[in-house]
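What follows is a short report on a single structure.
The values are calculated or read from the model by the stated rules, or taken from the named source; none is laboratory data. From a predicted model like this one, the values you see are computed outputs, not experimental measurements. Backbone-built Cβ (ideal geometry, glycine too); neighbour counts: all protein chains shown.
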Amino acid sequence: MALFSDVLLTVDYDRTLTAPDSTIPERNLDAIRYFMENGGVFTVNTGRSVPMSKAFRDKVPVNAPLLLYNGSAAYDLQTEKLTFSHPIALDVWDTVAACQNLLPELTVELQGVDAHYLFRENPRWAAFCDRQQCAHRFAKPGDDLGEFLKFSIYGAFKDDTVNSLFHGTPEELGRMDEAEALLRETFGESCEVFRAAARIIDVHAKGVSKNRSARELQQRLGRKLLVCVGDADNDLPMLLGADFAYCPADGVVADRFENVCPCAQGAVADVIYEKIPEILKKEP
């Protein structure tokens, strides 16, 4: 039996696998290859969609379906099809209209399987999608947008990077707090509402979480141990539900979990080279 053959490792992408500037430390990539060569199963477990995952598909080695949309779906890169999915049980156009009425100054985006969709002109949103190598287009009522897996609410786009959405003024953050509460009040019976970053709110089907998708994948693959790494509030279900959980020292939720080095220094590599061997020494 290979060293890591009992282990499924799922890790968040932004500011866990990547540094804050969205680059991926080479140390992480070397460690992932070593992990897979020695029997481990590795995949990314992220809020990103199928279109937005294109930014890293050619860079990050995986040997299992990607876990996307904060757990709403798994996507097999070999077949280019969803392995499983958990759509939102609401009418997409009624939902978009309700969000735009509730939050007129914020950006409402639907994340489909083929593209991200917007419903009002926003050149900065388009530049953001271009930076992420993410297919995007404007949609109008009646367009077929595919499975309704996730929608997101963004604060103002200050530049075209993900990192800018992790920060905000007290006034901006207060407005996002209000928006999060409104979304829970409006859609809470049918949906989960996640604060993915300081100025990003994600909404998914009821019961969806990164933990649910990781456990579903673990069951399908027959792996004994689930090890997870994440940094932010939307990672909490995954981290709390894992057999073993770790957080970069500079993560938002670092005070709640065992820490590894800051994300820019190769947090995932620390888990592979140091933490998982410690776990396996103690496991029967």
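Structural remarks
- Scan of region 243-284 for residues that are surrounded by 22 or more Cβ atoms within 10 Å (Cβ to Cβ) and in a loop (DSSP other than H, G, I, E, B), ordered by number: G251, F257, G266
- Region 182-210: number of residues that are under 16 Å from the mean Cα position of the chain (by Cα) and buried (at least 17 other Cβ atoms within 10 Å of the Cβ): 17
- If you go through region 33-77 and pick out every residue that is surrounded by fewer than 24 Cβ atoms within 10 Å (Cβ to Cβ) and assigned to a helix (DSSP H, G or I), you end up with 8.
- Condition check for F166 on (1) surrounded by 14 or more Cβ atoms within 10 Å (Cβ to Cβ); (2) under 20 Å from P51 (Cβ atoms): one failure, at (2).
- Restricting attention to region 115-157, the residues being under 25 Å from G188 (Cβ atoms) and in a strand (DSSP E or B) number 7.
- Qualifying residues in region 216-241 (those that are free of Cβ contacts under 8 Å to residues at least 60 places away in the same chain and small (G, A, S)) - the one surrounded by the most Cβ atoms within 10 Å (Cβ to Cβ): G241
- Against the conditions (1) at pLDDT 95 or above; (2) in a helix (DSSP H, G or I), V108 satisfies every one except (2).
- Any hit, region 19-29, residues being charged (D, E, K, R), under 30 Å from I276 (Cα atoms) and at pLDDT below 95: yes
- Residue check for F84: surrounded by 21 or more Cβ atoms within 10 Å (Cβ to Cβ) and in contact with a helix residue (DSSP H, G or I) (Cβ under 8 Å, 6 or more places away or on another chain): no
- Any chance S5 is closer than 19 Å to A242 by Cβ and not charged (D, E, K, R): yes
- Extreme residue, surrounded by the fewest Cβ atoms within 10 Å (Cβ to Cβ), among residues of region 87-128 that are touching a residue at least 40 places away in the same chain (Cβ under 8 Å) and hydroxyl-bearing (S, T, Y): T95
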